[in-house]
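Chemist: Just dropping this structure here.
The values are calculated or read from the model by the stated rules, or taken from the named source; none is laboratory data. The model shown is predicted, which means the values in this text are computed figures rather than measured ones. Here the Cβ is made from the backbone with ideal geometry for all residues, glycine too, and neighbour counts use every protein chain on show. Calculation scope for accessible area: heavy atoms of the full protein, side chains included, ligands and nucleic acids excluded. Shrake-Rupley method; radii C 1.70, N 1.55, O 1.52, S 1.80 Å.
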Amino acid sequence: MAAPSTRGRRDQDQQARPASPQHPPAAAPPEPHDRGRVEVRRSARRSRTVSAYREGDRTIVLIPARMSHAEEQRWVAQMLEKLAAQESRRILGDDALMDRARGLSAAYLGDRARPAQVRWVTNQNSRWGSCTPSEGTIRLSHRLQGMPEYVLDYVLLHELAHLLVPDHGPAFWALLEAYPRTERARGYLEGVVSAARLPHIPGARHADRGADPAGSCG
């Protein structure tokens with residue numbers, strides 16, 4: 001990892017393991033791009049219809065009680081893909097990302113972090129986000145699209161905080177602790193990495209508060 005520099009780029013690839021399905025045990029685990037946990041609910045009143053919806057960081061899939069385990073797994077996968085496709089059509093544009101960043105800065109950073117540009121990029125496959133403090137630019141990986149809003153907000157806040165504190169010392173983490181879902185979002189992203197079996201999973205910040213759980217510096 002390169003030494004911290006206010007002129008360098010702060011990269012983000014914090015990552016872990018997605019929570020296992022809660023009910024029933026036979027439910028198929030979510031794919032890396034799926035949101036949070038999957039809960040399958042069987043109903044004797046359902047004969048053929050299958051439906052699914054988001055509930056917080058969980059995906060609820062409703063299926064007929066008579067459905068076999070193999071059918072359940074197939075339908076869970078199909079409904080997850082359907083929900084992901086629906087959500088991809090509601091992706092925030094770059095202007096909306098900038099508005100969201102400004103709102104987060106005002107809510108959690110005293111409106112002190114003021115990026116010059118915030119945009120999606122498709123060339124960040126080993127990091128979630130990055131910023132160049134000297135230019136005030138923030139870039140977010142397209143892989144965040146469709147993830148829970150609290151995860152997107154955490155990544156945005158992480159990069160916004162680097163506009164104020166370039167390193168990952170105590171002052172930096174103090175800024176992120178103002179956001180109530182910091183640890184939850186970190187756990188979600190770590191789950192995506194674990195599910196994808198990526199070769200590198202950064203250590204917990206508590207093990208080394210000076211380390212960069214968000215990745216390397218460029």
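Chemist: Just the residues that are under 19 Å from P115 (Cβ atoms) and among the aromatic types (F, W, Y), please, taken from segment 142-159.
Modeler: Y154
Chemist: Something else: Using beta carbons and a limit of 6 Å, which pairs, at least six apart or on different chains, have the first residue in segment 67-83 and in contact (Cβ under 8 Å) with a residue 12 or more places away in the chain and closer than 18 Å to R37 by Cβ and the second one of a type in the set (D, E, K, R) and open to solvent by less than 50 Å² (accessible area, probe 1.4 Å)?
Modeler: These pairs meet every condition: L80/D34.
Chemist: Identify all residues within segment 112-127 that are of a type in the set (S, T, Y) and out of contact with any helix residue (DSSP H, G or I) (no Cβ under 9 Å at 6 or more places or on another chain); write none if there are none. Explain how you work it out, then say what you get.
Modeler: Just the residues of segment 112-127 that are of a type in the set (S, T, Y), to begin with: 122, 126.
Matches in segment 112-127: S126 only.
Chemist: Would you tally the residues in segment 145-180 being within 26 Å of L83 (Cβ to Cβ), surrounded by fewer than 21 Cβ atoms within 10 Å (Cβ to Cβ) and at pLDDT below 90?
Modeler: The total comes to 5.
Chemist: Give me the pairs: first residue in segment 98-110 and among the small types (G, A, S), second residue open to solvent by less than 40 Å² (accessible area, probe 1.4 Å) and part of a helix (DSSP H, G or I), beta-carbon distance under 7 Å, and six or more apart or on different chains, which are they?
Modeler: From residues that are among the small types (G, A, S), the pairs are A101/L156; A101/L160; S105/L160.
Chemist: Do we have any residue at all in segment 130-140 that's in contact with a helix residue (DSSP H, G or I) (Cβ under 8 Å, 6 or more places away or on another chain) and either among the polar types (S, T, N, Q) or within 25 Å of R54 (Cα to Cα) (or both)?
Modeler: Among the residues of segment 130-140, at least one is in contact with a helix residue (DSSP H, G or I) (Cβ under 8 Å, 6 or more places away or on another chain) and either among the polar types (S, T, N, Q) or within 25 Å of R54 (Cα to Cα) (or both), which makes the answer yes.
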